[in-house]
Amino acid sequence: MPSKFAKVQKQVSKKKGGALALHENSRDALRLRSAVARDDRVARLGAVREKANDVYLNRILFLQGEIPDPLRPLTDAEVHDAIARYLRREDDSLATLKAERRPGRPKSTRQTLLEQQQDQEQKEYESGLWIPDMQNEASLIKLRNWKGEWIALSPLTYVRVGKSGSIKESAFPPKGAA
């Protein structure tokens with residue numbers, strides 16, 4: 001996708017007098033500054049959006065590995081077991097970080113981030129963890145063929161699985177808590 005700056009720069013350079021008419025407070029200089037600011041803002045917002053989506057992409061990637069080899073829908077107990085494995089996936093690295101830390105020293109940044117992530121995921125599981133529908137065979141086929149792209153997740157069906165055992169239908173993309 002061409003940037004706004006490239007378009008504006010092309011228009012300004014084609015004007016009669018081009019660089020000679022361009023001074024600090026000219027209209028063209030203002031257009032160029034605005035275009036650069038817009039491109040920066042678009043790039044920054046895109047990066048924030050991708051970072052927010054990474055949580056869901058990693059979750060779905062983990063659950064893609066939990067699909068049984070002879071393809072079949074999972075039972076409620078199997079879904080909860082897969083979620084429990086997902087929630088405990090960082091326990092080994094967290095234990096290693098705790099063991100490496102000397103007594104009396106503060107927690108490392110990585111350890112703090114892992115603990116916060118685990119707390120957040122646990123709270124989401126209590127209210128309803130957003131996952132692909134693992135009890136729908138058509139959804140499992142699509143999930144197995146998924147290549148890891150955010151845009152390719154829309155054909156899947158999703159549910160929110162609560163710790164209490166409740167399973168409610170959900171939509172893509174996820175919107176807040178259950």
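Quick note: the coordinates plus some simple rules give every number you see, no bench work behind them. All values reported here derive from a predicted model rather than from experimental measurement. As a convention, Cβ positions derive from the backbone with ideal geometry for all residues, glycine included, and neighbour counts pool all protein chains shown.
Helix 109-127 versus the longest principal axis of the chain: what angle, 0 to 90°, nearest 10, using Cα atoms? Taking the Cα atoms of the chain, the angle to 109-127 is about 70 degrees. Against the chain, whose longest principal axis comes from its Cα atoms, helix 27-64 is set at around 10 degrees. Helix 4-14 sits at what angle to the longest principal axis of the chain, using alpha carbons and giving 0 to 90 degrees rounded to 10? With both axes taken from Cα atoms, the answer is about 20 degrees.
A protection proxy built from the mean count of other Cβ atoms within 10 Å ranks the segments 133-140, 43-50, 3-10, most packed first, as 133-140, 3-10, 43-50. Lysines near residue 147 by alpha-carbon distance under 25 Å, same-chain residues fewer than 8 away left out - which ones? Hits, sequence-local ones excluded: 51, 175. One entry in (i) 8, 29, 29, 21, 9, 3, 0; (ii) 8, 26, 22, 16, 13, 10, 4, 0; (iii) 10, 31, 25, 15, 9, 5, 3, 1 is P(r) over Cα pairs in 10 Å bins from 0, in percent calculated from the shown coordinates; its label is (ii).
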